[in-house]
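Each remark here refers to the structure printed beneath this line.
The values are calculated or read from the model by the stated rules, or taken from the named source; none is laboratory data. On a predicted model such as this, the values are computed, not experimentally measured, just so you know. Note that we place each Cβ from the backbone using ideal geometry, even for glycine, and neighbour counts take in every protein chain shown. The accessibility values were calculated without ligands, DNA or RNA, using every heavy atom of the protein model including side chains. Shrake-Rupley method; radii C 1.70, N 1.55, O 1.52, S 1.80 Å.
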Amino acid sequence: MPWALDYGALAQVLFLGGAYLFYVGPLRRRLAGPELLWVYPVSIRQVACFLGGLFTILLFEGTPLGELGAKYSFAAHMAQHLVYTLVTPVLLLLGTPSWVLRRLLSRAYRLLGRPVWLKALLKAALNPVFGFGLFNAGLVFWHLPQYYGLTSESGFYHGLQHLTFLGTGLLVWWPVVGPLPELRLPWLFRLVYLFVMGIIPGVIGAFITFSDRLIYGHYATTPKPFGLDPMTDQLIGGLIMKVFGSVPLWAVVAVDFWVTFEREERGIPEP
């Protein structure tokens, strides 16, 4: 496979990155003036997180890694799915300052004529139960063989699959690392939420790992990297989902518990 960039994906990522940098840079200074920049805070860490999230999208959509996963290697595709569900959404949310989101929502609310349904829609969409259910339903749906096979036959379905993972990933991570602190789950509920969140990926990964037959027939006839046979490629993909789809979440639970415990012991409010 020739190593070449997809210039369409590159243009989209550059546009989003440029819009973000303009919003937190020149536009922010114009809104606040030099003396009131503290009203619209943005940190280097936030900028790095947001641009890092965009880079992960470019890496898997703008380079041959995307085609490798879609057409040739199930293991590569599972790695791509994990990044889109566990890494990219977290980086994008951590990189979004709260004032940016509040301002965009306020503008949209005014432009649409202050409709009552918009607030109700946002409240329902950002409900942890809704995001959790939609995220896991998307995981199960797109890993059923009859629907997973569509992604190898059509670029449209492949793109739809990735949009599903990214969109539901943003919703499911919102109660944990969302830009608006008042909408995050209390720390005890957050720990339970994260722990349960790792169950479905682990179950799907275990089913794939211990299968004695090739589940996704498309990969039976395509060449594999490093000369792997299709069953070994499937085994690696299942292990990637089983291990890295659940263990990191439980590690986050442990770290979050100790960090929150220490913060509460010292009387430091949650940021």
Checklist entry - Hey, does the range 71-90 have a residue that's more than 14 Å from the chain's Cα centre (by Cα), free of Cβ contacts under 8 Å to residues at least 60 places away in the same chain and assigned to a helix (DSSP H, G or I)? => result no
Next on the checklist: With the structure loaded, tell me whether Leu239 is modelled with pLDDT of 80 or more and under 30 Å from Val177 (Cα atoms) or whether it fails that test.
Outcome noted: yes
Item to check | Complete set of residues in the range 116-131 that are open to solvent by 30 Å² or more (accessible area, probe 1.4 Å) and either β-branched (Val, Ile, Thr) or under 30 Å from Ala75 (Cβ atoms) (or both) | outcome: Val116, Val129
Next on the checklist: Among the residues of the range 236-254, what is the count of those that are open to solvent by less than 70 Å² (accessible area, probe 1.4 Å) and in contact (Cβ under 8 Å) with a residue 40 or more places away in the chain?
Outcome noted: 11
Next on the checklist: I'd like to verify a number: residues in the range 181-200 that are exposed (fewer than 14 other Cβ atoms within 10 Å of the Cβ) and part of a loop (DSSP other than H, G, I, E, B), how many?
Outcome noted: 1
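Across the range 232-251, what is the number of residues that are farther than 20 Å from Leu65 by Cα, part of a helix (DSSP H, G or I) and not basic (Lys, Arg)? I'd like the intermediate steps shown before the answer.
Step one: filter the range 232-251 for residues farther than 20 Å from Leu65 by Cα, giving 242-243, 246-251.
Subsequent filtering for residues that are part of a helix (DSSP H, G or I) retains 242-243, 247-251.
Narrowing the set further to residues that are not basic (Lys, Arg) leaves 243, 247-251.
Of the residues in that region, 6 qualify.
Could you look through the range 26-58, keep only residues that are part of a loop (DSSP other than H, G, I, E, B) and under 18 Å from Leu94 (Cβ atoms), and pick out the one that is most open to solvent (accessible area, probe 1.4 Å)?
Going through the range 26-58, the residues part of a loop (DSSP other than H, G, I, E, B) turn out to be 33-36, 40-43.
Keeping just the survivors that are under 18 Å from Leu94 (Cβ atoms) gives 40-43.
On the way: Tyr40: 56, Pro41: 72, Val42: 40, Ser43: 47 Å².
Filtering the range 26-58 for residues that are part of a loop (DSSP other than H, G, I, E, B) and under 18 Å from Leu94 (Cβ atoms), the one most open to solvent (accessible area, probe 1.4 Å) comes out as Pro41.
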Checklist outcome for this item: Being farther than 27 Å from Val247 by Cβ, of a type in the set (Phe, Trp, Tyr) and more than 17 Å from the chain's Cα centre (by Cα) narrows Tyr147, Tyr157 down to just Tyr157
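When the range 201-235 is examined, which residues are found to be of a type in the set (A, V, I, L, M) and either surrounded by 18 or more Cβ atoms within 10 Å (Cβ to Cβ) or over 25 Å from the mean Cα position of the chain (by Cα) (or both)?
Residues of the range 201-235 that are of a type in the set (A, V, I, L, M), as a first pass: 203-204, 206, 208, 214-215, 220, 228, 231, 235.
Within the range 201-235, Ile204, Ile208, Leu214, Ile215, Ala220, Leu228, Met231, Leu235 qualify.
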Checklist outcome for this item: Within the range 103-145, the residues that are under 16 Å from Pro175 (Cα atoms) and among the aromatic types (Phe, Trp, Tyr) are Phe130, Phe132, Phe135
Checklist entry - From the set of residues in the range 5-25 that are in a loop (DSSP other than H, G, I, E, B) and open to solvent by 60 Å² or more (accessible area, probe 1.4 Å), which is farthest from Leu104 (Cα to Cα)? => result Leu5
Next on the checklist: For the range 132-144: of the residues being of a type in the set (A, V, I, L, M, F, W, C), out of contact with any Phe, Trp or Tyr (no Cβ under 9 Å at 6 or more places or on another chain) and without any contact (Cβ under 8 Å) to a residue 60 or more places away in the chain, which is nearest to Ile200 (Cα to Cα)?
Outcome noted: Ala137
Checklist entry - Give me the pairs: first residue in the range 145-169 and touching a residue at least 40 places away in the same chain (Cβ under 8 Å) and under 23 Å from Leu214 (Cα atoms), second residue open to solvent by 50 Å² or more (accessible area, probe 1.4 Å) and of a type in the set (Phe, Trp, Tyr), beta-carbon distance under 6 Å, and six or more apart or on different chains, which are they? => result Thr151/Tyr157
Next on the checklist: Can you tell me which of (1) out of contact with any Gly (no Cβ under 9 Å at 6 or more places or on another chain); (2) open to solvent by 20 Å² or more (accessible area, probe 1.4 Å); (3) over 26 Å from Val24 (Cβ atoms); (4) modelled with pLDDT of 90 or more is the one Leu134 doesn't meet?
Outcome noted: (1)
